[in-house]
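Written out below as structure tokens is the structure these notes cover.
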Amino acid sequence: MRADLHCHSSASDGTRPPAEVITRAAAAGLDLIALTDHDTVAGIAAAADALPQGLSLIPGMELSCRRDGHSVHLLGYLFDPEHTELAAQVQEIRHSRVERARAMVARLNELDVPVTWEQVRAIAGDGVIGRPHVARAMIEAGVISSVKEAFTPEWIGPGGRAHVSRYALDPADAIALVHAAGGVTSLAHPLAVTRGWMVPDDLIAELALAGLDGVEVAHPDHDRSQRDQLRTVARRLGLAATGGSDDHGQLTGDRIGCESTGQEDLGRLLERATGAPVITR
């Protein structure tokens, strides 16, 4: 069983439409793929429609959270997307994303970067707006050569000249919301230094007490020693050790299936979820 539990589409800041994500997951030989777009489940229906025989889909979402001024990302799976409070919170996060992107464009303009809100909105299309869309507009303007270059203090990285914060949930509150909607959770890429902050063990322990179900161990930005560290933490706290590619299409080199979740850990997650079923043909 090969299961990639972390993947994005053009419904948020990936570059591939949901149906193409499914096609690529099947070509990568996966048995199961979780679509976890940022703060939205808008791509799930199209992904489900594109499922071939032999590939199953876990409906999911990557929830934006913050603790002590630091970004924390929470992967939620198999929750009821119509749950009133969860849906309301996610809508507020999406609204804040739009306002932040507008403010970032304004700050970039003050730095003589010739990008426009209309340009960013066109790049995002119908997807949830994120910083990668602003970064792609900066590339089009010839200011930078890669998305990675934008995510620095020089531009729109945390603390950067054009960075703007936005609304996000406390991770403990987000866990409670996902559980109330019948779902399960895993802490996304907690030791990815490229994200600007590594989640300390004491916070992982606190979130485990709050009901966290898993922690993402296998991630492209985690080296071997970090994976060993997280696996030890997961065992000590009774958490499932999950894995996923965090694929964003062309932005990350179309890497669906490069990381996966073991069958035992996958089973531990699935047996706890009651909000929505795994989707199969």
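The values are calculated or read from the model by the stated rules, or taken from the named source; none is laboratory data. If you're wondering where the values come from, they're calculated on a predicted model, not measured in any experiment. In this analysis, Cβ positions are derived from the backbone assuming ideal geometry, glycine residues included, and neighbour counts consider all displayed protein chains. To get the accessible areas, we keep the full protein, side chains included, count just its heavy atoms, and leave off ligands, DNA and RNA. Shrake-Rupley method; radii C 1.70, N 1.55, O 1.52, S 1.80 Å.
Ligands, DNA and RNA excluded, the heavy atoms of VAL233 present near 10 Å² of accessible surface to a 1.4 Å solvent probe.
A 1.4 Å probe run over the stretch 62-186, with the rest of the protein chains in place, finds 44 Å² accessible per residue. Each part reduced to its alpha carbon centroid, the stretch 117-168 and the stretch 20-78 end up 22 Å apart.
Taking amide hydrogens as placed 1.01 Å from N in the peptide plane, the amide H of LEU35 sits under 5 Å from those of ILE58, GLY60, each at least 5 positions away in sequence or on another chain.
In percent, rounded to a whole number, the relative contact order of the stretch 226-281 is 28, using alpha-carbon pairs under 8 Å and six or more apart. Heavy-atom accessible surface of THR232, to the nearest 10 Å², is about 80 Å², with a 1.4 Å probe and all protein chains retained. Percent of Cα pairs in the chain per distance bin of 10 Å, from zero to the largest separation: 7, 30, 37, 21, 4, 0. For LEU51, no residue whose modelled amide H falls within less than 5 Å of its own remains once neighbours fewer than 5 places apart on the same chain are excluded. In a Gaussian network model over the chain where Cα atoms closer than 10 Å are linked, find which of ALA106, ALA137, ALA168 has the largest mean-square fluctuation. The residue with the greatest mean-square fluctuation here is ALA106.
Sorting the segments 216-224, 56-64 by their residues' average number of neighbouring beta-carbon atoms within 10 angstrom, most packed first, yields 56-64, 216-224.
Sequentially through the stretch 133-144, phi angles give Karplus couplings (6.51, -1.76, 1.60; θ = phi - 60°) of 5, 5, 4, 5, 5, 5, 5, 4, 7, x, 7, 10 Hz, Gly and Pro residues having no value and appearing as x.
Each residue was assigned an accessible area with a 1.4 Å probe, and for ARG236 the value is about 140 Å². Of the heavy-atom accessible surface of the chain (probe 1.4 angstrom), what whole percent is carbon and sulfur? Accessible surface attributable to carbon and sulfur in the chain totals 49 percent.
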